[in-house]
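Asks: Here it is: the structure, laid out below.
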Amino acid sequence: MPTPRQWAAKGKVRRVTRWNEPVMHGPTRPVTEFGDELHQLIADMFATMERAEGVGLAAPQVAVDLSLFIYHCPDDHDRLRHGVVCNPAVTLPEGNDRRLDSTEEGCLSWPGAYQPLARPDRAICEGVDENGEPVRIEATGLLARCVQHETDHLSGTVFGDRLSTRSRRLLDQQKRQAAHLYPDDWPISPKGTRSAM
(Lines give C-alpha, C1' and ligand atoms only; values in the text may rest on other atoms or scores of the structure.)
Protein backbone atom coordinates (compact mmCIF):
# COMPACT_ATOMS: atom_id res chain seq x y z
CA MET A 1 0.00 0.00 0.00
CA PRO A 2 1.30 3.51 -0.80
CA THR A 3 2.40 5.72 2.10
CA PRO A 4 0.35 8.83 2.95
CA ARG A 5 3.08 10.97 1.34
CA GLN A 6 2.98 8.87 -1.86
CA TRP A 7 -0.81 9.20 -2.01
CA ALA A 8 -0.66 12.96 -1.32
CA ALA A 9 1.97 13.51 -4.04
CA LYS A 10 -0.58 12.33 -6.63
CA GLY A 11 -3.43 14.38 -5.17
CA LYS A 12 -4.83 17.89 -5.29
CA VAL A 13 -5.85 19.73 -2.12
CA ARG A 14 -9.61 20.19 -1.92
CA ARG A 15 -11.74 22.48 0.20
CA VAL A 16 -12.89 20.93 3.49
CA THR A 17 -16.68 20.91 3.81
CA ARG A 18 -18.21 22.53 6.92
CA TRP A 19 -20.81 20.96 9.19
CA ASN A 20 -23.59 23.29 8.06
CA GLU A 21 -23.48 21.93 4.50
CA PRO A 22 -26.04 19.26 3.49
CA VAL A 23 -23.52 16.60 2.39
CA MET A 24 -22.39 16.35 6.02
CA HIS A 25 -25.80 15.23 7.28
CA GLY A 26 -26.97 12.55 4.88
CA PRO A 27 -26.12 8.88 4.48
CA THR A 28 -23.37 7.95 2.03
CA ARG A 29 -23.46 5.62 -0.96
CA PRO A 30 -21.47 2.37 -0.85
CA VAL A 31 -18.27 2.28 -2.87
CA THR A 32 -18.79 -0.18 -5.74
CA GLU A 33 -16.12 0.90 -8.28
CA PHE A 34 -12.44 0.56 -7.35
CA GLY A 35 -10.69 2.12 -10.34
CA ASP A 36 -8.79 5.26 -11.22
CA GLU A 37 -11.55 7.68 -10.22
CA LEU A 38 -11.65 6.29 -6.67
CA HIS A 39 -7.85 6.26 -6.45
CA GLN A 40 -7.71 9.92 -7.50
CA LEU A 41 -10.29 10.83 -4.85
CA ILE A 42 -8.20 9.02 -2.22
CA ALA A 43 -5.03 10.82 -3.38
CA ASP A 44 -6.87 14.15 -3.14
CA MET A 45 -8.09 13.24 0.34
CA PHE A 46 -4.56 12.42 1.53
CA ALA A 47 -3.28 15.70 0.06
CA THR A 48 -6.10 17.59 1.79
CA MET A 49 -5.63 15.83 5.14
CA GLU A 50 -1.88 16.47 5.05
CA ARG A 51 -2.34 20.19 4.28
CA ALA A 52 -4.99 20.51 7.02
CA GLU A 53 -2.81 18.59 9.51
CA GLY A 54 -5.53 16.07 10.31
CA VAL A 55 -5.40 12.40 11.33
CA GLY A 56 -8.50 11.23 9.46
CA LEU A 57 -10.80 12.41 6.69
CA ALA A 58 -14.12 11.10 5.39
CA ALA A 59 -15.33 11.57 1.81
CA PRO A 60 -18.23 13.90 2.81
CA GLN A 61 -15.57 16.26 4.17
CA VAL A 62 -14.49 16.87 0.57
CA ALA A 63 -18.15 17.06 -0.58
CA VAL A 64 -18.36 13.48 -1.89
CA ASP A 65 -21.20 11.27 -0.60
CA LEU A 66 -19.27 7.98 -0.70
CA SER A 67 -18.73 5.55 2.19
CA LEU A 68 -14.99 6.01 2.45
CA PHE A 69 -12.45 7.37 4.91
CA ILE A 70 -8.68 7.61 5.16
CA TYR A 71 -6.46 7.86 8.21
CA HIS A 72 -2.86 8.54 9.26
CA CYS A 73 -3.08 8.34 13.00
CA PRO A 74 -1.21 7.00 16.06
CA ASP A 75 -2.53 4.13 18.17
CA ASP A 76 -2.10 3.83 21.94
CA HIS A 77 1.55 2.74 21.46
CA ASP A 78 2.25 5.90 19.39
CA ARG A 79 2.69 3.82 16.23
CA LEU A 80 1.57 5.82 13.21
CA ARG A 81 -0.85 3.76 11.17
CA HIS A 82 -2.44 4.65 7.86
CA GLY A 83 -4.92 3.28 5.39
CA VAL A 84 -8.08 3.52 3.34
CA VAL A 85 -11.41 1.99 4.37
CA CYS A 86 -14.38 1.77 2.03
CA ASN A 87 -17.81 0.69 3.30
CA PRO A 88 -16.64 0.46 6.92
CA ALA A 89 -18.46 -1.17 9.81
CA VAL A 90 -17.29 -0.53 13.37
CA THR A 91 -17.72 -2.94 16.28
CA LEU A 92 -17.34 -1.52 19.79
CA PRO A 93 -16.69 -3.41 23.04
CA GLU A 94 -19.62 -4.19 25.30
CA GLY A 95 -20.13 -5.04 28.96
CA ASN A 96 -16.99 -5.41 31.08
CA ASP A 97 -14.77 -4.92 28.01
CA ARG A 98 -16.12 -1.40 27.42
CA ARG A 99 -13.89 1.39 28.76
CA LEU A 100 -14.66 4.99 27.90
CA ASP A 101 -11.97 7.56 27.23
CA SER A 102 -13.08 11.19 27.61
CA THR A 103 -10.61 13.21 25.55
CA GLU A 104 -10.85 16.44 23.61
CA GLU A 105 -12.04 15.87 20.07
CA GLY A 106 -11.96 18.19 17.08
CA CYS A 107 -13.00 18.07 13.45
CA LEU A 108 -11.46 19.54 10.30
CA SER A 109 -15.01 20.44 9.22
CA TRP A 110 -15.55 22.63 12.32
CA PRO A 111 -12.03 24.03 12.58
CA GLY A 112 -10.56 25.61 15.68
CA ALA A 113 -13.02 24.00 18.12
CA TYR A 114 -12.46 21.14 20.61
CA GLN A 115 -14.55 19.59 23.36
CA PRO A 116 -14.19 16.42 25.47
CA LEU A 117 -16.25 13.47 24.23
CA ALA A 118 -16.35 10.03 25.85
CA ARG A 119 -15.84 7.20 23.36
CA PRO A 120 -14.79 3.55 23.77
CA ASP A 121 -11.00 3.25 23.87
CA ARG A 122 -11.01 0.29 21.45
CA ALA A 123 -12.78 -0.40 18.18
CA ILE A 124 -12.66 -2.91 15.35
CA CYS A 125 -13.25 -1.47 11.91
CA GLU A 126 -13.81 -3.74 8.91
CA GLY A 127 -14.34 -2.89 5.27
CA VAL A 128 -12.40 -3.02 2.03
CA ASP A 129 -9.41 -1.06 0.78
CA GLU A 130 -8.96 1.03 -2.38
CA ASN A 131 -8.78 -2.16 -4.47
CA GLY A 132 -11.79 -3.88 -2.90
CA GLU A 133 -9.65 -6.18 -0.72
CA PRO A 134 -10.84 -6.86 2.87
CA VAL A 135 -9.31 -4.76 5.65
CA ARG A 136 -9.63 -5.03 9.41
CA ILE A 137 -8.29 -2.44 11.86
CA GLU A 138 -7.95 -3.31 15.55
CA ALA A 139 -7.83 0.26 16.76
CA THR A 140 -6.71 1.57 20.15
CA GLY A 141 -6.03 5.02 21.57
CA LEU A 142 -6.46 7.98 19.22
CA LEU A 143 -6.91 5.59 16.29
CA ALA A 144 -9.99 4.07 17.98
CA ARG A 145 -11.44 7.57 18.34
CA CYS A 146 -10.53 8.34 14.72
CA VAL A 147 -12.32 5.33 13.19
CA GLN A 148 -15.44 6.07 15.26
CA HIS A 149 -15.37 9.76 14.29
CA GLU A 150 -14.88 9.05 10.58
CA THR A 151 -17.53 6.32 10.35
CA ASP A 152 -19.93 8.69 12.11
CA HIS A 153 -19.39 11.10 9.20
CA LEU A 154 -20.44 8.38 6.77
CA SER A 155 -23.85 8.10 8.45
CA GLY A 156 -24.38 11.88 8.55
CA THR A 157 -23.34 12.35 12.19
CA VAL A 158 -20.85 15.00 13.33
CA PHE A 159 -19.24 14.70 16.75
CA GLY A 160 -21.06 17.84 17.89
CA ASP A 161 -24.29 15.81 17.63
CA ARG A 162 -22.96 13.62 20.47
CA LEU A 163 -22.22 16.49 22.86
CA SER A 164 -24.39 17.88 25.64
CA THR A 165 -26.19 21.14 24.87
CA ARG A 166 -23.68 23.09 26.99
CA SER A 167 -20.63 21.48 25.35
CA ARG A 168 -22.08 22.04 21.88
CA ARG A 169 -22.62 25.72 22.70
CA LEU A 170 -18.98 26.01 23.81
CA LEU A 171 -17.80 24.19 20.68
CA ASP A 172 -19.77 26.53 18.41
CA GLN A 173 -18.45 29.56 20.29
CA GLN A 174 -14.86 28.35 19.81
CA LYS A 175 -15.51 27.82 16.11
CA ARG A 176 -16.90 31.35 15.72
CA GLN A 177 -13.90 32.82 17.57
CA ALA A 178 -11.48 30.99 15.26
CA ALA A 179 -13.46 31.55 12.04
CA HIS A 180 -11.28 34.51 10.92
CA LEU A 181 -8.32 32.10 10.71
CA TYR A 182 -10.00 29.69 8.28
CA PRO A 183 -10.81 31.02 4.78
CA ASP A 184 -13.92 29.60 3.10
CA ASP A 185 -11.72 27.47 0.83
CA TRP A 186 -9.40 26.24 3.61
CA PRO A 187 -7.04 24.37 3.35
CA ILE A 188 -6.62 25.34 -0.32
CA SER A 189 -5.87 28.78 1.10
CA PRO A 190 -3.74 28.40 4.24
CA LYS A 191 -4.87 29.05 7.77
CA GLY A 192 -4.51 32.73 8.61
CA THR A 193 -2.79 34.47 11.48
CA ARG A 194 -4.83 37.70 11.57
CA SER A 195 -6.26 38.93 14.84
CA ALA A 196 -10.05 38.82 15.17
CA MET A 197 -11.81 42.09 14.31
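The values are calculated or read from the model by the stated rules, or taken from the named source; none is laboratory data. Every value quoted in this text rests on a predicted model; they were computed, and no experiment measured them. Counting neighbours? That spans all protein chains shown, and the Cβs are built from the backbone with ideal geometry, glycine included. With ligands, DNA and RNA removed, areas are computed over all heavy atoms of the protein, side chains included. Shrake-Rupley method; radii C 1.70, N 1.55, O 1.52, S 1.80 Å.
Asks: Expressed as a rounded percentage, what relative contact order does the chain have, with Cα pairs under 8 Å and six or more residues apart?
Replies: 23 percent
Asks: Taking square-rooted eigenvalues a ≥ b ≥ c of the alpha carbon gyration tensor, is the stretch 95-141 rounded, prolate or oblate, where a/c under 1.5 means rounded and, failing that, a/b exceeding b/c means prolate?
Replies: oblate
Asks: Whenever you get a sec, line up 71, 114 from highest to lowest accessible area (probe 1.4 Å, protein heavy atoms).
Replies: So, going from the largest accessible area down, we get 114, 71.
Asks: Accessible area per residue of the stretch 100-197 at 1.4 Å probe, in Å²?
Replies: 51 Å²
Asks: Okay, next question. With all pairs of different alpha carbon atoms counted, what Kirkwood hydrodynamic radius in Å does the chain show?
Replies: Details: mean 1/r = 0.0586 Å⁻¹.
17.1 Å is the Kirkwood radius here.
Asks: Over the stretch 1-56, with the other protein chains present, what is the accessible area per residue in square angstrom, probe 1.4 angstrom?
Replies: Working: 3190 Å² over 56 residues.
It amounts to 57 Å² per residue over the stretch 1-56.
Asks: Also, I was wondering about something else. Where the centroid of each part is defined by its Cα atoms, how far is the stretch 1-42 from the stretch 67-120 in Å?
Replies: Cα centroid of the stretch 1-42 versus Cα centroid of the stretch 67-120: 18 Å apart.
Asks: How high is the relative contact order of the stretch 92-189? Use alpha-carbon pairs under 8 Å, at least six apart in sequence, and give a whole percent.
Replies: 24 percent
Asks: Let me ask something additional. Cα gyration tensor of the stretch 40-157, axes a ≥ b ≥ c as square roots of the eigenvalues: rounded (a/c below 1.5), prolate (a/b > b/c) or oblate?
Replies: Cα axes put the stretch 40-157 in the oblate bin.
Asks: Would you mind checking which residues have amide H under 5 Å from residue 66's amide H? H placed 1.01 Å from N; only 5 or more apart, or other chain.
Replies: 29
Asks: About the Cα centre of the chain, how large is the charge dipole given +1 on each Lys and Arg Cβ and -1 on each Asp and Glu Cβ? Please answer in debye to the nearest 20.
Replies: Using Cβ point charges on Lys, Arg, Asp and Glu, the chain gives about 820 debye.
Asks: Taking all protein chains in place and a 1.4 Å probe, what share, in percent, of the accessible surface of the chain do carbon and sulfur account for?
Replies: For the chain, the apolar C and S fraction of the accessible surface comes to 48 percent.
Asks: Among the lysines, which have Cα under 21 Å from the Cα of residue 175 when same-chain residues fewer than 8 positions away are ignored?
Replies: List returned: 191.
Asks: Subtracting the Cα-Cα distance from 0.36 nm times the residue separation, let me have the gained length for residue 77 to residue 188 in nm, one decimal. Could you put the intermediate results ahead of the total?
Replies: Numbers: separation 111, 0.36 × 111 = 39.96 nm, distance 3.24 nm.
That works out to 36.7 nm of additional length.
Asks: If exposed means no more than 11 neighbouring beta carbons inside 10 Å and the site is in a DSSP loop, what's the longest run of the chain without any exposed trypsin sites (Lys or Arg not before Pro)?
Replies: Working: sites that count: 12, 79, 98, 99, 194.
Maximal segment without exposed cleavage sites: 100-193.
Asks: At 0.36 nm per residue, and after removing the present C-alpha to C-alpha distance, how many nm does the segment from residue 166 to residue 97 gain when stretched out fully?
Replies: Full extension of this stretch gives 21.9 nm more.
Asks: Put a dot 7 Å past each Cα toward the Cβ at residue 180 and residue 136; how far apart are the dots in nm?
Replies: 5.2 nm
Asks: Now for a different question. Using 7 Å Cα-to-Cβ label points, what is the residue 25/residue 10 separation (nm, one decimal)?
Replies: The modelled label-to-label distance comes out at 3.6 nm.
Asks: Something else: Between rounded, prolate and oblate, where does the stretch 89-193 land on the alpha carbon gyration tensor, with a ≥ b ≥ c its root eigenvalues, rounded for a/c under 1.5, else prolate if a/b exceeds b/c?
Replies: Judged from the Cα gyration tensor, the stretch 89-193 comes out oblate (a/c at least 1.5, b/c at or above a/b).
Asks: With +1 assigned to the C-beta of every Lys and Arg and -1 to the C-beta of every Asp and Glu, and no other charges, what is the dipole magnitude of the stretch 1-114 about the Cα centre in debye, to the nearest 20? Numbers along the way, then the final one.
Replies: Numbers: 12 positive and 16 negative charges, 73 e Å.
Dipole of the stretch 1-114, to the nearest 20 debye: 340 debye.
Asks: Please list, in chain and number order, the residues 5+ apart from residue 14 or on another chain whose amide H is under 5 Å from its amide H, with Hs placed from the backbone.
Replies: The answer is 48.
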